[in-house]
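A.B. asks: I'd like to ask you about the structure that follows.
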């Protein structure tokens, strides 16, 4: 399954016992990574080897981008991702003006390593994973950029260490069996993803953003080289914070489009992606008549029944049309992915990500949008997925912060006019200060599921007992026992460090990039923007009952007024239609899985079959529509993804024959 794209796969092995790396083992490891590209850069020394897999595009064959890249001290570097703030880095490295434009990211990082050694990972900005064979110290070093980074996983034992972009690279070395981690999988089935360092496989770990792994013959160590920094100043007025946010967003978009080229954007009717589009791309030439920004917006299939939860919009086309009327340079494309199933390209995504995707319904239109973007010649696709943690933070946790500090006058001002909605919001934010028993009672009163397993989960009851799910939930404080944030900053940090963002999400994003040959970039998650928002006072996000204040101020006058008051959008609102069309196939699949113990003992197939047999005629929104509406909306898709994943692991991932196209050689 070799695919062309801007991604690459990295792998490195270090025989700590001093053994010699064989050509056959290196070929096996390289072949395991073949799905990421059929062009190979390879370096094999005595007890160490470095491999990069990429596509055969001209950029991949350019001499200056061949890897590993040599640093001044003889160290060898593998680099994936991209660097930002390159001009600043060039100044710090004392490079001639304009010199960075001629250098690949790996070459620029090699210069940084030459000057600063291991401190280089903390001195550069961007979204990257890097593996270094530190030749003078005979040490293998791997690191991931802070906040967001390509995936990198590893296995270390007394004899050797293997680091790779994906678990298939670790297993490709050939002496480690692929075994599922049942605690990790059971957590996934209830929507809890636990420690993001754990993969779905025993003995294989993720290296997290902001961490560095060092392996010597005698020891190995993982340390966090980057800690959260609140870069904002607390003594500014609102207009200054807005200007600071605009400046950081402008920098983030500029670096996401480096080298400069025409992007596409996944555009919603919300606030995040329009901020990227309207503020930093379209606003520069609002009257230009030729289309310059290609956008893709999800909308339901024509036969959708129009049902969506209260205060949610299932069709965002009217808002996007208003934005296009304001900016003639916006070329809008609406994507309904008509006729495609809920599981469109699901097996291919799993084969590359090696995780069960969390939201299969939403992936359908994303796959189709990326396919169309690449067909239109766009190699960079922008999104705004991190906006909820930065510019468009709701800020409601400010109420909990004020309540805990007994700042009652400020709390009364922050709550705003007392309405049913504001009282419910205040009640939710008071929960962290109540005893856990009372917390769950209030959540139950507000309609939140507090059972373990939760009602939307299709986990098999026996599997839940075997993996001690309820006991672990209490001991590890997850599910209904999860402590609620008591301050706005605590909430931000929890979101930024979430297992989905730092674990499964990284793998799925890398799989999407590889499948479609595009670079997916999220300017709203750029490091300096993140740290700027961490430093802003809570009233810049929430005050007088009004959430998302910062981005509303930022967008005022730049987008149609309807954007600032519209209900939140609901992507994949036609999920019920796609499942309904596939019911015969779903029933057949569940029936087949009943004969597979690996699936049947983990997923409650009888319950899912009962759901299929009583499938509602219209999109269910509450228990009055169908008693299992939560299972229909959330649990069915997750269970089907998990079952497909289990079967894929059982079959064994594809192992291509040894590849002889390597461009590197032995040292």
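A.B. asks: Would you confirm, using the coordinates I've provided, whether residue 599 is surrounded by 13 or more Cβ atoms within 10 Å (Cβ to Cβ) and either modelled with pLDDT of 95 or more or not assigned by TED's automatic domain parsing to the domain that holds residue 280 (or both)?
C.D. replies: It is true that residue 599 is surrounded by 13 or more Cβ atoms within 10 Å (Cβ to Cβ) and either modelled with pLDDT of 95 or more or not assigned by TED's automatic domain parsing to the domain that holds residue 280 (or both).
A.B. asks: I'd like the full set of residues that are under 10 Å from residue 75 (Cβ atoms) and surrounded by fewer than 22 Cβ atoms within 10 Å (Cβ to Cβ), limited to segment 102-117.
C.D. replies: Within segment 102-117, 114, 117 qualify.
A.B. asks: Which of the following residues is buried (at least 16 other Cβ atoms within 10 Å of the Cβ), in contact (Cβ under 8 Å) with a residue 12 or more places away in the chain and farther than 19 Å from residue 39 by Cα: 71, 80?
C.D. replies: 71
A.B. asks: Would you pick out the residues in segment 137-179 that are surrounded by fewer than 23 Cβ atoms within 10 Å (Cβ to Cβ) and in a loop (DSSP other than H, G, I, E, B)?
C.D. replies: If the condition is that a residue be surrounded by fewer than 23 Cβ atoms within 10 Å (Cβ to Cβ) and in a loop (DSSP other than H, G, I, E, B), then 137, 138, 157, 158, 159, 173, 174, 175, 176, 177, 178, 179 are the ones that fit.
A.B. asks: Among the listed residues 424, 398, which satisfies the condition of being closer than 27 Å to residue 533 by Cβ, under 31 Å from the mean Cα position of the chain (by Cα) and free of Cβ contacts under 8 Å to residues at least 24 places away in the same chain?
C.D. replies: When all the criteria are applied, what remains is 424.
A.B. asks: Given 515, 524, 534, which one is under 12 Å from residue 390 (Cα atoms), outside the structural domain of residue 401 (by TED's automatic domain parsing) and crowded, with 23+ Cβ neighbours inside 10 Å?
C.D. replies: 524
A.B. asks: Could you run through segment 26-39 and say how many residues are outside any helix (DSSP H, G or I), touching a helix residue (DSSP H, G or I) at 6+ places or on another chain (Cβ under 6 Å) and buried (at least 22 other Cβ atoms within 10 Å of the Cβ)?
C.D. replies: 1
A.B. asks: Still on this structure, I have one more. Over 16 Å from residue 557 (Cα atoms), in contact with a strand residue (DSSP E or B) (Cβ under 9 Å, 6 or more places away or on another chain), assigned to a helix (DSSP H, G or I) and at pLDDT 80 or above: is that true of residue 252 in this structure?
C.D. replies: Against the criterion (over 16 Å from residue 557 (Cα atoms), in contact with a strand residue (DSSP E or B) (Cβ under 9 Å, 6 or more places away or on another chain), assigned to a helix (DSSP H, G or I) and at pLDDT 80 or above), residue 252 qualifies.
A.B. asks: I've got another one for you. Being within 22 Å of residue 144 (Cβ to Cβ) and buried (at least 19 other Cβ atoms within 10 Å of the Cβ) is the filter here; which residues of segment 215-250 pass it?
C.D. replies: 215, 248
A.B. asks: Scan segment 548-577 residue by residue and report those that are in a loop (DSSP other than H, G, I, E, B) and either free of Cβ contacts under 8 Å to residues at least 40 places away in the same chain or under 21 Å from residue 278 (Cβ atoms) (or both).
C.D. replies: Listed by number, the residues that qualify are 548, 556, 557, 558, 559, 560, 561, 566, 567, 571.
A.B. asks: Is it the case that some residue within segment 346-365 is over 30 Å from residue 178 (Cβ atoms), under 17 Å from the mean Cα position of the chain (by Cα) and either in the same structural domain as residue 294 (by TED's automatic domain parsing) or surrounded by 22 or more Cβ atoms within 10 Å (Cβ to Cβ) (or both)?
C.D. replies: yes
A.B. asks: Being assigned to a helix (DSSP H, G or I) and at pLDDT 95 or above narrows it down to one residue among 120, 107; which is it?
C.D. replies: 120
A.B. asks: Residues that are modelled with pLDDT of 90 or more and touching a helix residue (DSSP H, G or I) at 6+ places or on another chain (Cβ under 8 Å): find the helices (runs of 4 or more DSSP H) completely inside segment 429-547 holding 3 or more of those.
C.D. replies: Fully inside segment 429-547 and qualifying: 461-466, 469-476, 488-496, 505-516, 527-534.
A.B. asks: Among 330, 340, which is the only one that is farther than 30 Å from residue 534 by Cβ and in contact with a strand residue (DSSP E or B) (Cβ under 6 Å, 6 or more places away or on another chain)?
C.D. replies: 330
A.B. asks: Further question: Looking only at segment 624-644, count every residue that is in a loop (DSSP other than H, G, I, E, B) and either crowded, with 22+ Cβ neighbours inside 10 Å or in contact (Cβ under 8 Å) with a residue 12 or more places away in the chain (or both) and tell me the total.
C.D. replies: 2
A.B. asks: Could you pull out the residue among 182, 125, 134 that is touching a residue at least 24 places away in the same chain (Cβ under 8 Å), surrounded by fewer than 24 Cβ atoms within 10 Å (Cβ to Cβ) and under 20 Å from the mean Cα position of the chain (by Cα)?
C.D. replies: Step by step, each of 182, 125, 134 is checked, and only 125 is touching a residue at least 24 places away in the same chain (Cβ under 8 Å), surrounded by fewer than 24 Cβ atoms within 10 Å (Cβ to Cβ) and under 20 Å from the mean Cα position of the chain (by Cα).
A.B. asks: Any chance you could count how many residues in segment 172-208 are out of contact with any helix residue (DSSP H, G or I) (no Cβ under 7 Å at 6 or more places or on another chain) and within 30 Å of residue 20 (Cβ to Cβ)?
C.D. replies: 7
A.B. asks: Next up: If I go through segment 69-98 residue by residue, how many of them are farther than 21 Å from residue 12 by Cα and either part of a strand (DSSP E or B) or out of contact with any helix residue (DSSP H, G or I) (no Cβ under 6 Å at 6 or more places or on another chain) (or both)?
C.D. replies: 13
A.B. asks: Now, a different point. In segment 606-623, what count of residues is obtained for those that are part of a helix (DSSP H, G or I), more than 29 Å from the chain's Cα centre (by Cα) and either surrounded by 15 or more Cβ atoms within 10 Å (Cβ to Cβ) or at pLDDT below 95 (or both)?
C.D. replies: Here the count works out to 4.
The values are calculated or read from the model by the stated rules, or taken from the named source; none is laboratory data. All of these numbers come straight from a predicted model, not from anything done at the bench. No Cβ is skipped: glycine too gets one built from the backbone with ideal geometry, and neighbour counts run over all protein chains shown.
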